Ligand code: NA
Ligand code: NA
């Protein structure tokens, strides 16, 4: 039941992650376009740098939850690697989760206020002159933070599933 | 205001504790920062964290990181990286440690294409580590040469770190750029000599049991493996030097060029493009989420009066200029073990540089020593960006302990380089004085 | 024991004249005048938050106070932010700018504009000029044709109207971009600031007159923190801001003359646009900011106030 939930979460995060992953092509395209347009035609865009930088924000913040679900958030595994699945699960459930909650709460709550404030005043790009809506990029902070929470829940479910599986395996061997 | 003497051990003690427990690094840094800010600074100051998250992920200078990672994954999936290492194998195959030296050389060239460090380390991690491991190189040599070679990025121009230092220190950026070249080469040579010796002493981890020598014909034929990589390097460097691209933009030439190169190599297909995009996303997220946590932590430490603490330590030192100089290096090394580069510069440069000038030392010379120290900081455990990046790209058979161990000789070599540059300042100052 | 301690983030690096003026004539002076009841910890630019989101930082109380640059907030506040930090083709001397704020009523307008963002606008930090350094001599409007110049906002539109190619680029990239030729020119700080960035090594022409002769940054205070201050300390801070402004101008003036001389010794040439040509260029710029009036509200009031003051000055 719980494991199925974890599966759904991971699938959802993977879909989002894979979609934003394609932004890398957009970043390449926008920057190369800018160089050609400026270099060959003396027509720099006012939007290329900022647009590609905002794509980076979406790339990292919306892709991060998928990376977490895939175990890409690296650890110092000097001691960790040698621990039993149960020990690992205990540490992540009781220590990492507290730290995670502090971090994610700030991103979701204060990041949300930051993005919402930007949306309310209709904040536009100030430097580029093209007036792009910056709140879209800022909104990636709370959204990414919320998705990260889902990824963490799924991670914990999988950890305990592994503990259960090992225990079951252990009984079989016994 | 809280006493930095109280906050320092608490902050870094808990950081070490959580990292050692194996909490994911980004989460340990982010969560710890949030808690410490709440209790020691103010609940309102927590707002700093989303601001930093947005700043770091929307910085155009950092866009080179995903772009170079994409270039590397594309080169690997289109087998261009394999071709390159095959060519090196044909030429240096008979030389124990030759491929590791080749890796250092590629890192040095990479350093000239990028202004930041992470891009080179992780790209070379993607390209070089599997190539070396599959050719009979031990984890130790493969990991160490990539981690250490990758750190050259900020010493060999262009360098964003030098620009930051130059502004804080009111020092010529041109001179800093020029000053970084010879020490950069010196360090590359030290690394190579070490790898050569290590290869002689421990052949088993430097190319395996059997070494093959190749005929001249085979060597010449293999040269075609250099064409695409060299073409790519030429386009990236050329676009910078000809004024077509800014340093950050040039990374897009590298990424786009890798797609073109894959097409030329007849290896371009939708699947490899897609896989490269996914891998780029996952590796970039690994890097940036650590940066988000680390910048929150160093901002917190700055706000707690870290500068005052450091100032007190330096002013408490002996009056002998060289004692003060070495004391500063020690402080930089110590901070490098626990903080990120940007934080260290903000905290220490405004204090160190005026003292250095007052003592009669050359600020450009000191700047280069400073940058080498920052490079060492990328490598020193427990907190070292390059160590974490390698953990992210290396195969699962590699443990963090392997990585920590692999960099120790290189850290010692860089300390040796610092000592050489202190004893022979001309190594740093020759080019700046000749050019400016 | 109920002494107030505030954190201030400067808009500059430690040691720069505006930073020193902030430290000495704002922070230290206020502390002394208040008998130690208020004191400050000054942090360099970017140490605690990115200046681009400085309004949010101060309004939520991340620091009680900061020196910020209005131009960055035009995307949040509209053109009133440009008018607040200074527009080309208008005022020419710091005294004119001081009068505009303190004797013509613009300070109240700026306070009203920033109040909407949770920030108490304590006052402007009058600053030294923002100048152009170029790789090619610029002695006429025609020389802007095809010039790749680092700039943004209203100024970018101005240069574009003269045929230039404005390029936006972060501070960390400008030096290298000038060196390689991605940029032909950059509008950055005054002479000492430009020298500090080593631009003279890669751009050998210093353009005069200055396109932005009297820009200003400003002192932003968290509204709640401000409201909690006793009246006498408020009065002290109001005066310390003025002292700090003029101290900055004075320090920068000395350093700028020295920097310009040193840059000339290292081969930089002064590139002068003749008065008649310059007047024509300034007219182009004025057209742009006068266009802000069409947006109504505070921007319109600001434009009217500036036009009225310029008329008094006979321009
Ligand atoms: Na470099
Ligand atoms: Na380190």
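Hey, residue B:5 hits all of (1) within 20 Å of the chain's Cα centre (by Cα); (2) in contact (Cβ under 8 Å) with a residue 40 or more places away in the chain; (3) surrounded by fewer than 24 Cβ atoms within 10 Å (Cβ to Cβ) but one; which does it fall short on?
Unmet condition: (1).
What's the total number of residues in region A:73-91 that are farther than 20 Å from residue A:144 by Cβ and either under 17 Å from the mean Cα position of the chain (by Cα) or in a helix (DSSP H, G or I) (or both)?
11
Each row is one residue, and each column tells you yes or no for (1) surrounded by fewer than 19 Cβ atoms within 10 Å (Cβ to Cβ); (2) within 26 Å of residue B:56 (Cα to Cα).
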| position | (1), (2) |
| --- | --- |
| A:134 | no, yes |
| A:138 | no, yes |
| A:142 | no, yes |
| A:145 | no, yes |
| A:148 | no, yes |
| A:154 | no, no |
| A:161 | yes, no |
| A:165 | yes, no |
| A:168 | yes, no |
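With B:254, B:207, B:217 as the choices, which residue is surrounded by 17 or more Cβ atoms within 10 Å (Cβ to Cβ) and more than 28 Å from residue A:39 (Cα to Cα)?
B:207
Determine whether residue B:99 is within 16 Å of ligand 2 (Cβ to nearest atom), buried (at least 23 other Cβ atoms within 10 Å of the Cβ) and farther than 26 Å from residue B:271 by Cα.
Criteria not met by residue B:99.
A quick yes/no check of all residues on (1) in a strand (DSSP E or B); (2) under 17 Å from the mean Cα position of the chain (by Cα); (3) within 13 Å of chain B (Cβ to nearest Cβ):
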residue: C:5; (1), (2), (3): yes, no, yes
residue: C:12; (1), (2), (3): no, yes, yes
residue: C:25; (1), (2), (3): no, no, no
residue: C:31; (1), (2), (3): no, no, no
residue: C:35; (1), (2), (3): no, no, no
residue: C:40; (1), (2), (3): yes, no, yes
residue: C:57; (1), (2), (3): no, no, yes
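Hand me the list of helices (runs of 4 or more DSSP H) wholly inside region C:139-232 holding 1 or more residues that are crowded, with 24+ Cβ neighbours inside 10 Å.
The helices (runs of 4 or more DSSP H) meeting that bar are C:153-161, C:171-180, C:191-196.
Only one of (1) farther than 29 Å from residue C:175 by Cα; (2) buried (at least 22 other Cβ atoms within 10 Å of the Cβ) fails for residue B:212. Which number is that?
Looking at each condition in turn, residue B:212 falls short on (2).
Return yes when residue B:356 is away from ligand 2 (no atom under 13 Å from the Cβ), without any contact (Cβ under 8 Å) to a residue 60 or more places away in the chain, within 14 Å of another protein chain (Cβ to nearest Cβ) and in contact with a helix residue (DSSP H, G or I) (Cβ under 9 Å, 6 or more places away or on another chain) and no when it is not.
It is true that residue B:356 is away from ligand 2 (no atom under 13 Å from the Cβ), without any contact (Cβ under 8 Å) to a residue 60 or more places away in the chain, within 14 Å of another protein chain (Cβ to nearest Cβ) and in contact with a helix residue (DSSP H, G or I) (Cβ under 9 Å, 6 or more places away or on another chain).
Rundown of residues vs (1) buried (at least 23 other Cβ atoms within 10 Å of the Cβ); (2) within 16 Å of ligand 2 (Cβ to nearest atom), yes/no style:
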residue	(1), (2)
B:291	yes, yes
B:308	no, no
B:336	no, yes
B:352	yes, no
B:363	no, no
B:400	yes, yes
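Could you tell me which of the residues B:194, B:177 is out of contact with any strand residue (DSSP E or B) (no Cβ under 8 Å at 6 or more places or on another chain), within 15 Å of ligand 1 (Cβ to nearest atom) and assigned to a helix (DSSP H, G or I)?
B:177
Under the condition of being surrounded by 24 or more Cβ atoms within 10 Å (Cβ to Cβ) and more than 16 Å from ligand 1 (Cβ to nearest atom), which residue from region B:113-130 is farthest from residue B:246 (Cα to Cα)?
Per the criteria, the residue is B:128.
So how many residues does region B:134-165 have that are within 14 Å of ligand 1 (Cβ to nearest atom) and more than 15 Å from residue B:195 (Cα to Cα)?
Residues that pass the stated criteria total 16.
How about region B:15-42: which of its residues are part of a helix (DSSP H, G or I) and more than 15 Å from residue B:294 (Cβ to Cβ)?
Hits for region B:15-42 are B:17, B:20, B:21, B:35, B:38, B:39, B:40, B:41.
Checking residue B:351 against (1) part of a helix (DSSP H, G or I); (2) closer than 28 Å to residue A:75 by Cβ; (3) more than 16 Å from ligand 1 (Cβ to nearest atom), only one condition comes out false. Which one?
(2)
If you check residue C:215 against the conditions, is it under 26 Å from residue A:44 (Cβ atoms) and at pLDDT 95 or above?
Criteria met by residue C:215.
For region B:225-249, give me each residue that is away from chain C (no Cβ under 14 Å) and out of contact with any helix residue (DSSP H, G or I) (no Cβ under 8 Å at 6 or more places or on another chain).
Within region B:225-249, B:227, B:230, B:234 meet the criteria.
So, restricting to helices (runs of 4 or more DSSP H) that lie completely within region A:1-72, which ones have at least 2 residues that are over 12 Å from the mean Cα position of the chain (by Cα), surrounded by fewer than 22 Cβ atoms within 10 Å (Cβ to Cβ) and facing another protein chain (nearest Cβ under 7 Å)?
Output list reads A:23-41.
When you look at residue B:121, is it within 14 Å of chain C (Cβ to nearest Cβ), within 16 Å of ligand 2 (Cβ to nearest atom), touching a residue at least 60 places away in the same chain (Cβ under 8 Å) and within 21 Å of the chain's Cα centre (by Cα), yes or no?
No: the conditions fail for residue B:121.
More than 16 Å from ligand 1 (Cβ to nearest atom), part of a helix (DSSP H, G or I) and more than 26 Å from residue B:56 (Cα to Cα), is that true of residue B:388?
no
Which of the residues belonging to region B:148-172 are under 28 Å from residue B:192 (Cβ atoms) and part of a helix (DSSP H, G or I)?
Those that are under 28 Å from residue B:192 (Cβ atoms) and part of a helix (DSSP H, G or I): B:148, B:149, B:150, B:151, B:152, B:153, B:154, B:160, B:161, B:162, B:165.
Is it the case, given these coordinates, that residue C:53 is outside any loop (DSSP other than H, G, I, E, B) and away from chain A (no Cβ under 12 Å)?
No: the conditions fail for residue C:53.
Considering (1) away from chain C (no Cβ under 14 Å); (2) more than 18 Å from residue B:418 (Cα to Cα); (3) within 15 Å of ligand 1 (Cβ to nearest atom); (4) buried (at least 19 other Cβ atoms within 10 Å of the Cβ), say which one residue B:187 fails and leave the rest.
(2)
Being more than 14 Å from chain C (Cβ to nearest Cβ), away from ligand 1 (no atom under 16 Å from the Cβ), modelled with pLDDT under 90 and in contact with a strand residue (DSSP E or B) (Cβ under 7 Å, 6 or more places away or on another chain), is that true of even one residue in region B:74-96?
Scanning region B:74-96 turns up at least one residue that is more than 14 Å from chain C (Cβ to nearest Cβ), away from ligand 1 (no atom under 16 Å from the Cβ), modelled with pLDDT under 90 and in contact with a strand residue (DSSP E or B) (Cβ under 7 Å, 6 or more places away or on another chain).
Restricting attention to region C:241-263, does a residue exist that is buried (at least 20 other Cβ atoms within 10 Å of the Cβ), within 13 Å of another protein chain (Cβ to nearest Cβ), more than 21 Å from the chain's Cα centre (by Cα) and at pLDDT 95 or above?
Checking region C:241-263: at least one residue is buried (at least 20 other Cβ atoms within 10 Å of the Cβ), within 13 Å of another protein chain (Cβ to nearest Cβ), more than 21 Å from the chain's Cα centre (by Cα) and at pLDDT 95 or above.
What residue, among those in region B:133-158 that are over 19 Å from residue B:400 (Cβ atoms) and surrounded by 23 or more Cβ atoms within 10 Å (Cβ to Cβ), is farthest from ligand 2 (Cβ to nearest atom)?
Of everything passing the filter in region B:133-158, B:137 is farthest from ligand 2 (Cβ to nearest atom).
The values are calculated or read from the model by the stated rules, or taken from the named source; none is laboratory data. In this text the structure is predicted, and so the values were computed from the model without any measurement. When we count neighbours, we look across all protein chains shown, and the Cβ atoms used for this are built from the backbone with ideal geometry, even at glycine.
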